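A.B. asks: Let me begin by handing over the structure; questions about it come next.
What follows is calculated from the coordinates using simple rules that are stated; it is not laboratory data. All of these numbers come straight from a predicted model, not from anything done at the bench. Cβ coordinates were reconstructed from backbone atoms using ideal geometry, including for glycine residues, and neighbour counts include every protein chain displayed.
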Amino acid sequence: MIESDTDIVLVVDTDTVDLLDRRLLHALRIDGRASWNRLGQVLGSSDRTVARRWARLRASGLARVVGATDPQVLAETQWHLRVRVAPGKVVAIGEALARRPDTSWVRIVSGGAEIVWAVRAHTAADADQLMLDTLPRSSVREVTAQSQIHVYAEGAARLLQQLAPLTDDELAALSPVAESSPLPPEPPPTPGPVTELDEVDRRLLAALQTDGRASVARLAAISGAAASTVRRRVDQLRRDGVLTLHVEIDPGALGRHVLTLLWIRTAPADLERTGMALADHPEIGFAAATTGRTSLYASVFTRDTAALYDYLTHRLAELPAVVDVESTSVLRSLKGEAGPRDPLPTRKRS
């Protein structure tokens, strides 16, 4: 039996990724730590074939599985921040933010002098302290902070279902399991008492953020814990809803080369209806309700600027409760949504 020992960013280029590849990626979205043997059985292939397919996807820079922590279960709040900085300082400041373990994602946006980023903190004061520790005051021109209060859409699962839908039986067979005992198919709908983490837990989570399929042996070496302890801890972190595994997506390989961020204003009475409507749009990669002067934040992936124009003037414009929209294009992503990680191999595009 082949052991899991790798990473995932889903990227699907139909010229190089066939149906089995896409089904494999969808299966890993259901259980990112499923063994190759189990994946092969569900997909109707051998474990060696599945492992080879994965090795090619990984080596090509096409896909990665990463671990993420649930801020609600850890009594944290996700803050979305925008900072305008002095010309010439944006890359240095952005890279400093990306190196921090408490930032979730970091992007340089249009104009080249603004950074949009997300950080997890227990209080607004903690988020403020992060900014004081990281941002040189002489270089900062303006800061805007909004807390994330509800998520409507996280697009990987829907995108994978569109690309290579697994059957109901296959989905049931892949409901997440640990090494030795079954996990619930979904995190608990409401968190219980705040989960307390010790140093071993934190080391495991940090390692899984960079490699969601890290082997038990590797995790044991990183955490200093015995293999049996690692299995039990990872199992429990998933059971408690602290750890989830994600398939990340490079939309460029799907022909979507333009990433645009939207800040949308709507009346409180229309917030949920509008957020749920956004979640149904295939262009939406992420949508959440926030505090602040706008009430919704969303990321939009389109083929090109003409497709973006079409989205803004038709699909988005058809939402009756949208009062105002601010949009900005992403020039460069310095850190992904699942936390710090080593860079993927550079992918050559034809």
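A.B. asks: May I ask for the distance between the Cα centers of the stretch 197-240 and the stretch 106-122, given as a whole number of Å?
C.D. replies: Cα centroid to Cα centroid, the span is 29 Å.
A.B. asks: If R0 is 30 Å, what FRET efficiency do you get for residue 167 and residue 59 from their C-beta distance, rounded to 0.05?
C.D. replies: Numbers: r = 29 Å, r/R0 = 0.97.
Computed FRET efficiency for residue 167 and residue 59 comes out at 0.55.
A.B. asks: What is the extension gain from residue 150 to residue 317, computed as 0.36 nm multiplied by their sequence separation minus the C-alpha to C-alpha distance, in nm to one decimal?
C.D. replies: So the chain would gain 57.9 nm between residue 150 and residue 317.
A.B. asks: For labels at residue 330 and residue 226 in the simple 7 Å Cα→Cβ model, what's the distance in nm?
C.D. replies: Taking the simple label geometry, residue 330 and residue 226 are separated by 4.3 nm.
A.B. asks: Also: Can you compute 3J(HN,Hα) from phi for each residue in the stretch 45-56, using the Karplus curve 6.51 cos²θ - 1.76 cosθ + 1.60 with θ = phi - 60°, rounded to whole Hz and x for Gly and Pro?
C.D. replies: With coefficients 6.51, -1.76 and 1.60, one gets 9, 8, 5, 5, 5, 5, 5, 5, 4, 5, 4, 5 Hz.
A.B. asks: Note the full-extension length gain between residue 272 and residue 46 as 0.36 nm times their separation in residues minus their Cα-Cα distance, in nm to one decimal.
C.D. replies: Details: separation 226, 0.36 × 226 = 81.36 nm, distance 4.48 nm.
In short, 76.9 nm is gained.
A.B. asks: While we're on this one: Output wanted: per-residue J couplings in Hz (rounded whole) for the stretch 22-27, from phi through Karplus 6.51 cos²θ - 1.76 cosθ + 1.60, θ = phi - 60°, x for Gly and Pro.
C.D. replies: Whole-Hz 3J(HN,Hα) from phi for the stretch 22-27: 5, 5, 4, 5, 5, 4.
A.B. asks: Here's a follow-up. Check residue 225: other-chain or 5+ apart residues with amide H under 5 Å from its amide H, H built from backbone geometry?
C.D. replies: none
A.B. asks: Okay, next question. Obtain the nm distance between the two label points defined at residue 142 and residue 210 by a simple spin-label model: each point lies 7 Å from its Cα along the Cα-to-C-beta direction.
C.D. replies: My value for the distance between the label points is 3.7 nm.
A.B. asks: What distance in nm lies between label points placed 7 Å from Cα along the C-beta direction at residue 86 and residue 19?
C.D. replies: 5.9
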